[in-house]
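Chemist: I'd like to ask some things about the structure below.
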Amino acid sequence: MNIIRKIVGNQLIVGFFSFIVFWEIIYLFVQTHTIPSPLETFSYFFTVLDILGLHSLGSLLRVLAALSISILIGIPAGIFLGVNKKVNRLFSPFLYYIYPIPKVAFLPVFMLLFGLGNVSKVMLIIWIVVFQMILSVRDGVMRIPVSHFKVMESYSATIKQQYRFLIIPSILPQVFSALRISIGISLASLFFAENYATTYGVGYFIMSAWTKMNYEEMFCGIIVLGFIGLLFFKLIDLLEIHFTPWAAK
């Protein structure tokens, strides 16, 4: 519990207040109505807290659903490619081609295939995260020294035991790293996707405030979007400490 308080408490406070200081400096030097003061924004924040909470919940559920599905697909697929060299040689060219393409370009395709609702937005995030997950897990498996497999074989370890005691623990750091990389890209893409055919989501809230030229409201949405990202990062940190205590710094 002390570790949890230390990580979550200190980093949340330092990260948030460093952003506020940066924001205040920009506000004082730029002097434009498009950048409201932090004090005015936080005063306004509590007047829209209820509706902003609903928008935040919509975004959180979309990201959580997409991350969960991406993990369920990406980890087994990455392990399969990592332990099967022939399959890896066959599918790696496809992964290397599709991975650099900006995934937001597929949003119209998903909307045509899955409709304008939540499914297309969740599919977009899955499309972003799953390839990052597959490649990271595959590379993690391929980095396991051959000598480690030989040691397992010398102890007559079954395939199930090799996965449980060698492969899974070895790839967990890569899984958490992939999730960290994917979070920022996922939120950016979700912000883009929530501007189409939806009435809930932080992205919709921010752009709606922008069209109304309500800049305090717009910055309230930006603050919440930052908190959502920070929440996911801290959750990943805590999960990493729990599941990979040997790698904790």
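Chemist: Indicate the gyration tensor shape class of region 118-249 (rounded, prolate or oblate), computed on the Cα atoms with a ≥ b ≥ c the square roots of the eigenvalues: a/c under 1.5 is rounded; otherwise a/b larger than b/c is prolate and the rest oblate.
Modeler: Prolate.
Chemist: Now for a different question. What net charge is computed for the residues neighbouring Ile35, neighbours being all others with C-beta under 12 Å from the C-beta of Ile35, Lys and Arg scored +1, Asp and Glu -1?
Modeler: Overall, the nearby charge balance is -3.
Chemist: Over region 87-226, what is the mean sequence separation of C-alpha contacts under 8 Å (at least six apart), divided by residue count, expressed as relative contact order in percent?
Modeler: Dividing the mean separation by the residue count of region 87-226 yields 22 percent.
Chemist: Here's a follow-up. Which listed residue (Pro245, Val130, Asn88) has the Cα farthest towards the positive end of the charge dipole for region 55-247, taking +1 on Lys and Arg C-beta and -1 on Asp and Glu C-beta about the Cα centre?
Modeler: Of the options given, the answer is Asn88.
Chemist: What nm distance separates the two modelled labels at Lys160 and Tyr99, each placed 7 Å from Cα along Cα→Cβ?
Modeler: Distance between label points: 3.3 nm.
Chemist: Counting residues in the chain as N, plug N into 2.2 N^0.38 Å and put the Cα Rg over that result.
Modeler: Rounded to two decimals, the normalised Rg is 1.20.
Chemist: Could you check how many percent of all C-alpha pairs in region 60-187 are farther apart than 16 Å?
Modeler: Everything past 16 Å amounts to 65 percent.
Chemist: Continuing with the same structure: When the dipole is taken about the Cα centre of region 55-247, and only Lys, Arg (+1) and Asp, Glu (-1) are charged at their Cβ, what size is it in debye, to the nearest 20?
Modeler: Dipole about the Cα centre, nearest 20: 700 debye.
Taken together, the values in this text are just the output of simple stated rules run on the coordinates, not laboratory data. Everything numeric here is computed off the predicted structure, so don't read it as measured data. Cβ: placed from backbone, ideal geometry, glycine included. Neighbour counts: every protein chain shown.
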